[in-house]
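S.K.: This is the structure I want to talk about, given as structure tokens.
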Amino acid sequence: MANETYIKLRRLAPADDGGQALVEFALSASLLLTLLFGLIDFSRAIYFEELMANLTGEGSSMASRGTSLAKTVAAVVAASGDLNLGSNGQVIVSSVLNNSGKIQLSGQASQGGIGATSRIGSVINGNASLPAAAAPQANQTIYVTEVFYKYQAITPIGNFLSVVLPSQLYDVAYY
């Protein structure tokens, strides 16, 4: 009879699963946090790309309506908000002229804190390189706004994703 009581008590006693549950929780929580932190950094990069696309479009539009290149650059930097292009980026506004078949840079203004160089060209040599679709007609001027931004991840996982997330974001608009 004493043996039967022991067997009944043994069946009623809870199993010692506390360690297994803790290990399962640790594994699933680390996986979820990794996904969450990666999503945060990807979302920030996409948000900054959208801001840059808006800024480049507005800068080129502003320059094409007659605002000086220097004032256009200052306005784009002032409107950069979350990007803080004055210290973490570079804005370059260029005017490109098709002078009877020769595409050349007729003016350029720049402001920012990272010292990026224009992918269009420089006023020193006067030559400009543009995509064929953006080339101006004969004796026509187009305005190009370039925005560079030094992207920094804010989560520990974002630092490991440097293969996928670039360290410098870039956007350009032609008007």
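S.K.: In segment 56-132, if every C-alpha pair distance is counted and binned at 5 Å from zero, what percent goes to each bin?
M.R.: Pairs per bin, as whole percents: 3, 17, 25, 24, 19, 9, 3, 1, 0.
S.K.: What is the dipole size for segment 21-174, taken about its Cα centre, with +1 at each Lys and Arg Cβ and -1 at each Asp and Glu Cβ, in debye to the nearest 20?
M.R.: For segment 21-174, the charge dipole is close to 560 debye.
S.K.: Return one number: the angle in degrees, 0 to 90 and rounded to the nearest 10, between the long axis of the Cα atoms of helix 69-78 and the longest principal axis of the Cα atoms of the chain.
M.R.: 20
S.K.: Cα atoms only: what Rg and Dmax, in Å, come out for the chain?
M.R.: Spelled out, the Cα radius of gyration and Dmax of the chain are 28.5, 111 Å.
S.K.: Tell me the Kirkwood hydrodynamic radius of segment 49-101 in angstroms, computed as one over the mean inverse distance between distinct C-alpha pairs.
M.R.: It works out to 11.7 Å.
S.K.: In whole angstrom, how far apart do the alpha carbon centroids of segment 38-65 and segment 99-136 sit?
M.R.: About 20 Å separates the Cα centre of segment 38-65 from the one of segment 99-136.
S.K.: Using a Gaussian network model on the chain with a 10 Å cutoff between Cα atoms, which of Val77, Val144, Val23 fluctuates the most?
M.R.: Comparing Val77, Val144, Val23 in the GNM, the peak value goes to Val23.
S.K.: I'd like the projected area of segment 93-165, averaged over all directions, using the convex hull of its alpha carbons. Report it in nm² with one decimal.
M.R.: For segment 93-165, averaging the hull's shadow over all directions gives 6.4 nm².
Just so you know, all these numbers are worked out from the coordinates, no wet-lab data involved. Everything numeric here is computed off the predicted structure, so don't read it as measured data. As a convention, Cβ positions derive from the backbone with ideal geometry for all residues, glycine included, and neighbour counts pool all protein chains shown.
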